[in-house]
Amino acid sequence: MENPGASPFKDTPVGLDANSEEEYFSQSTLLKEFTEIPTIEKAWTLKSNSGASQVMFSISQPNLLENKKRRYASFSHISKERDDSVQFHWDAFPIEMGTTSLMVPSPSGSKLLVVRNAENDSPTRFEIWSSSQVEREFHVPSSIHGSVYSDGWFEGISWNSDETLIAYIAEEPVSAKPTFTYYGNEKGNCPDKDCNSWKGQGDWEEGWGEAYDGKRLPKLFVISINSGEVRAVDGIEKSPSVGQVIWAPSAKDSLQYLVFVGWPSGTRKFGIKTDTKLSAVVLTESISSAFFPRFSPDGKFLVFLSSKSAVDSGAHNATDSLHRIDWSIDAEPHPRNKIVDVVPVVMCAEDGSFPGLYCSNILSNPWLSDGHTMILSAAWGSTLVVLTVDILSGDVSRISPSTSEFSWDVLTLDGDNIIAVCSSPIDVPDIKYGYLVGNASDNTKWNWLDISSPIIKCSGKVRSLLSSKEFSIMSIPVRDASENLTKGASKPYEAIFASSKSKKHNACDPMIVVLHGGPHCVSLSSFSKSSAFLCSLGFSLLIVNYRGSLGFGEEAVQSLPGRVGSQDVNDVFAAIDHVIGMGLADQSKIAAVGISHGGFLTTHLIGQAPDKFAAAAARNPVCNFALMVGTTDIPDWCYFEAFGSEAKSSFTAAPSAEHLALFYDKSPISHVSKVKTPTLMLLGVKDLRVPITDGLQQMQERMQKMEKQMEEQKKTVRQEVIADVIAQLKHAGLIDPNILAALSIPSPSEPTSVQGAEQDQISSSGVEVKVMMFPDDIHELDRPRTDFESFLNIGLWFKKYCS
């Protein structure tokens, strides 16, 4: 039986001394305890025949041995007491989902669809479960379609209202490829069908880029629950990739319609992990972006989110807006329906006011019983909050506690009640149950109950370490507002600061500056296992949401493009100086870590301020736009962030020499000659977003610089040694000073000890760079073993140079 407290490694790296080996073992053991904390991914509320509620939670937990996530389901029955208290009665054990790719309850909650995607050419399995057994099982061969999409973006599975049909998105079958044999194009008499033959590769079909490997031709299918018949939905052009399908409400015996999102590929597909170049088909011709369609309970309204501001500007993420189309279940859908703006883009919010919509998803059923109030989770500055949105009036209310700096994420609704998780950088997630107090017309008075749960557990050691920490969200004034900035870009931005509750002998803990990617993303005040681990090692964390981050209004977002490498870098410097000025950080013990654009910032910081940082770690960093633009799956991103508003007119697949020069000037590589900071680089070999050549070029340049410095040092030391030897010979009377003059050798001063001088001076400058390569990882570096090894080494690196 595995010892739960043991290090996951049998051996430690070669060359560690006793102290380093002990640190390695200690950190790996602690990180394993953080890694094992489960994560609630989704939840559904199901109604029994008696009307009582049951909640099904989908949970994941990293499995380091198999290097994948273990997924399981946990169930709880909800009972409501007369004193308004709520009790969750949990089943004794969770159920591992094994090969399950997707679970989707039917609208009534009486059936559960389980999809199991198979590997290679095996069939995809559809299972229809009742409360007691599997009622139907269908195997769909690869000749009909490939894997059902479960990525969270293209993904779309929808039951129709009478629960007889299911619409879903799957990969269109690959066209047959030619077979070549030794005998020509025939198998001949070879008894083995693969004997002396091979499959041709056929034509290239462009995919959707990073994190969407194998997704080239998403297609819409419908399966009949009664017969098992599967058919592709005809009448859709091949050029748009489809996703996020839902059934439209319909009158009895009338035609049934499907509403879905379509992404036109045009002449080039750009990776869409952060790209919001979206366009729905037919219904939203007048708007450049539409996604996450949802029908109101009565079927009178179709609502959807839009990233029009992102598409129109060229950003890969920006402030969302919410829109409504009036719908009739008796009439045929019209391509020129009026689109009503429910929640427009907020350009610049007043202090403390709603900053705009920043949603990563919408529940499949987000509605309260009035039929026109939606429940959403959205970023509000550095926190994730729960909002109500009235789609008739457009009123938006924050209903999670406004006094809390914790982040709140909605999981599912239980009628007019909300089940959510609440967490902070130093608090593991807790389940909360929210209900409206008093008059339903006053939508701001919500009460939130703590729910005891066996789901999210952590070890006593982890809980003890986290209990000694505290955090706050700081407002950082814009230091240099001399540029011609908009009002929104001149407002303060935020940083999350986590640290020990008490100082030791008035000394500050070493500090890690944590930088998010994007750059149009946001670090939220929610629990992160990796960040909490670093904090538990005795580091303070400064998590900076520099201008350009989401959650602060559109003007703040759009202030960064064209100013990357300067505005964002200066914002990070200002945040660091802010906490140093408050006496919360020691300026001699500062490290920086970031991924993607966060790695861009990390490598910029150590180049622009070579004496400011004791250590740095960059994960798949953008180091050279000029190199990246020709190899990435998102070349438009390079143009937009470097050129700003001029990007759309400047973009080309073959950058000019002038463009390449500007790319280089805005990149960290332009400062590499000044870098002195010990740097750890972590790279995923299969990264399409920021290919490894970017990071390797930066490190190779660093190493070449170090080699030149060492050669110069050796030369200088040799000269000094020769001079010292001559001085000793002169002092002993063994050499004539006139000979030195004749040889143009300067006469040395008093002799010094030369033993070990060359070794000491050269080793003190050591090559302080290290590259870690992960052969099977993409940009996120989030596979369980990779994530574990990354943050173990980051922790060790920072302990070595910052303690």
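Nothing in this text is a laboratory measurement; each read-out follows from the coordinates by a stated rule. Model, not experiment: these values are computed from the prediction. Because the Cβ atoms are built from the backbone with ideal geometry, glycine has one as well, and the counts that use them run over all protein chains shown.
Nearest 5 is fine: what % of DSSP beta bridges in the stretch 481-602 come out antiparallel, could you say?
Of the beta bridges lying entirely in the stretch 481-602, close to 35 percent run antiparallel.
If N is the number of residues in the stretch 548-656, what value comes out of its Cα radius of gyration divided by 2.2 N^0.38 Å?
For the stretch 548-656, the normalised Cα radius of gyration is 1.19.
Give me D for the stretch 17-70 in µm² s⁻¹, whole number, from Stokes-Einstein with Rh from the Kirkwood sum over alpha-carbon pairs, 25 °C and 0.890 mPa s.
172 µm²/s
Please give the FRET efficiency for Met582 paired with Ser142, using the beta carbon to beta carbon distance and R0 = 56 Å, rounded to the nearest 0.05.
0.40
Suppose R0 equals 51 Å; then what is the FRET efficiency for Glu332 and Ala661 from their Cβ-Cβ distance, rounded to the nearest 0.05?
So the FRET efficiency works out to roughly 0.35.
Whose amide H sits under 5 Å from the amide H of Arg70, counting only residues 5 or more places off or on another chain, with H placed in the peptide plane?
Gln61, Asn63
Of Lys469/Lys529; Lys612/Lys676; Lys676/Lys708; Lys69/Lys686; Lys308/Lys666; Lys770/Lys800, which ones are farther than 18 Å apart at the Cα?
From the list (Lys469/Lys529; Lys612/Lys676; Lys676/Lys708; Lys69/Lys686; Lys308/Lys666; Lys770/Lys800), the Cα-Cα distance tops 18 Å for Lys69/Lys686; Lys308/Lys666.
So, by mean Cβ neighbours within 10 angstrom, what's the order for 789-800, 577-588 with the highest one leading?
In decreasing order of mean packing, 789-800, 577-588 become 789-800, 577-588.
Please list, ordered by chain and number, the residues whose modelled amide H lies under 5 Å from the amide H of Leu258; skip anything fewer than 5 residues away on the same chain.
The answer is Ala248.
Kindly put Arg324, Arg136 in sequence by how many other C-beta atoms sit within 10 Å of each C-beta, fewest to most.
Ranking Arg324, Arg136 by Cβ neighbours within 10 Å, fewest first, gives Arg136, Arg324.
Eigenvalues of the Cα gyration tensor times 5, then square-rooted: what semi-axes does that give for the stretch 647-702, in whole angstrom, largest first?
24, 17, 8
Run the Debye formula on the Cα coordinates of the stretch 283-334, all scatterers equal and no solvent, and tell me log10 I(q)/I(0) at q = 0.21 1/Å.
Debye output, listed in q order: -0.75.
Please provide three numbers in whole Å: the alpha-carbon extents of the stretch 373-464 along the principal axes, with the largest listed first.
49, 27, 20
Test of the criteria: in the stretch 33-101, which GluC sites (Glu not before Pro) are in a DSSP loop and have at most 13 other Cβ atoms within 10 angstrom of their Cβ?
Sites meeting the loop and neighbour criteria: Glu66, Glu81.
Going highest first, how would you order 770-783, 353-366 by mean Cβ packing within 10 Å?
Per-residue mean Cβ counts within 10 Å order the peptides as 353-366, 770-783.
Please list 380-391, 217-228 highest first by mean number of surrounding beta-carbon atoms within 10 Å per residue.
Peptide ranking by packing, descending: 380-391, 217-228.
Tell me, what does the Kirkwood hydrodynamic radius of the stretch 569-608 come to in angstroms if you use every pair of distinct C-alpha atoms?
10.7 Å
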